[in-house]
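Engineer: I'd like to ask you about the structure that follows.
The values are calculated or read from the model by the stated rules, or taken from the named source; none is laboratory data. Worth saying up front: this structure is predicted, and the values here are computed from it rather than measured. Virtual Cβ from ideal backbone geometry, glycine too; neighbours counted across all protein chains shown.
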Amino acid sequence: MLSNVKKELNNRNNVSLFLMDAEKLGFKDGNFDYVMTTFVLCSIPDPVISLREMKRVCKPDGIGINLEHMRSENRFIAFIEDLVNPITKSITGVNINRKTVENIKKADLDVIDVKNMALSDVFRLI
């Protein structure tokens, strides 16, 4: 499936960037074939609302791709993340211990696959 995404993205010549609130996207319903996040769901105030917005602007047969860091299922790593999170949040605004896969499900999105990318399962492709 990701190889099809790569092929389609490689065929695109134009890219437009828009600055807007992830919780109130200024696009029409069902506007995009793909909606992608990369290390953003950690800093959005309400990731579930943002994910619902992403679902709204994605076509019904569209695909959401999330490359994110999140709370590990490894108890030791999760303990460290929970310990350090107040510091990272106060300094950078980033939460390093969000349960992103759970948030995606709370937003009524189907999780097709989760691939661990780095640091055990801290960095994942969903």
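Engineer: Can you tell me which residue among 96, 49 is at pLDDT 95 or above, among the aliphatic types (A, V, I, L, M), in contact with a helix residue (DSSP H, G or I) (Cβ under 6 Å, 6 or more places away or on another chain) and under 30 Å from residue 26 (Cβ atoms)? Break it down stepwise before answering.
Structural biologist: On the way: 49 fails: in contact with a helix residue (DSSP H, G or I) (Cβ under 6 Å, 6 or more places away or on another chain).
Testing whether each residue is at pLDDT 95 or above, among the aliphatic types (A, V, I, L, M), in contact with a helix residue (DSSP H, G or I) (Cβ under 6 Å, 6 or more places away or on another chain) and under 30 Å from residue 26 (Cβ atoms) leaves just 96.
Engineer: Which pairs turn up if I take residues in the range 18-44 that are under 22 Å from residue 101 (Cα atoms) and look for partners that are of a type in the set (Ser, Thr, Tyr) and surrounded by 14 or more Cβ atoms within 10 Å (Cβ to Cβ) with beta carbon separation below 6 Å, at least 6 apart in sequence or on another chain?
Structural biologist: If the second residue must be of a type in the set (Ser, Thr, Tyr) and surrounded by 14 or more Cβ atoms within 10 Å (Cβ to Cβ), the pairs left are 22/50; 23/50; 41/100; 44/50.
Engineer: I want to confirm something. Restricting to the range 95-113 and keeping residues that are aliphatic (A, V, I, L, M) and closer than 21 Å to residue 35 by Cβ, which single residue is surrounded by the fewest Cβ atoms within 10 Å (Cβ to Cβ)?
Structural biologist: By that ranking, first place goes to 112.
Engineer: With within 13 Å of the chain's Cα centre (by Cα), of a type in the set (Val, Ile, Thr) and farther than 28 Å from residue 16 by Cβ as the only criterion, which of 111, 84 stands out?
Structural biologist: 111 is the lone residue from the list that is within 13 Å of the chain's Cα centre (by Cα), of a type in the set (Val, Ile, Thr) and farther than 28 Å from residue 16 by Cβ.
Engineer: Do we find a residue being of a type in the set (D, E, K, R) and touching a residue at least 40 places away in the same chain (Cβ under 8 Å) anywhere in the range 79-93?
Structural biologist: Yes, the range 79-93 contains a residue that is of a type in the set (D, E, K, R) and touching a residue at least 40 places away in the same chain (Cβ under 8 Å).
Engineer: How many residues, within the range 77-125, are among the aliphatic types (A, V, I, L, M) and within 18 Å of residue 46 (Cβ to Cβ)?
Structural biologist: Adding up the residues that qualify gives 6.
Engineer: Sticking with this one: Within the range 95-109, which residues are in contact with a strand residue (DSSP E or B) (Cβ under 9 Å, 6 or more places away or on another chain) and part of a loop (DSSP other than H, G, I, E, B)?
Structural biologist: Scanning the range 95-109 gives 96, 98, 109.
Let's see how each residue does on (1) modelled with pLDDT of 95 or more; (2) part of a strand (DSSP E or B); (3) among the acidic types (Asp, Glu):
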| position | (1), (2), (3) |
| --- | --- |
| 8 | no, no, yes |
| 53 | yes, no, yes |
| 56 | yes, no, no |
| 67 | yes, yes, no |
| 77 | yes, no, no |
| 85 | yes, no, no |
| 89 | yes, no, no |
| 111 | yes, no, no |
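Engineer: Is it the case that the range 71-89 has a residue that's acidic (Asp, Glu) and touching a Lys or Arg at 6+ places or on another chain (Cβ under 6 Å)?
Structural biologist: Within the range 71-89, one or more residues are acidic (Asp, Glu) and touching a Lys or Arg at 6+ places or on another chain (Cβ under 6 Å).
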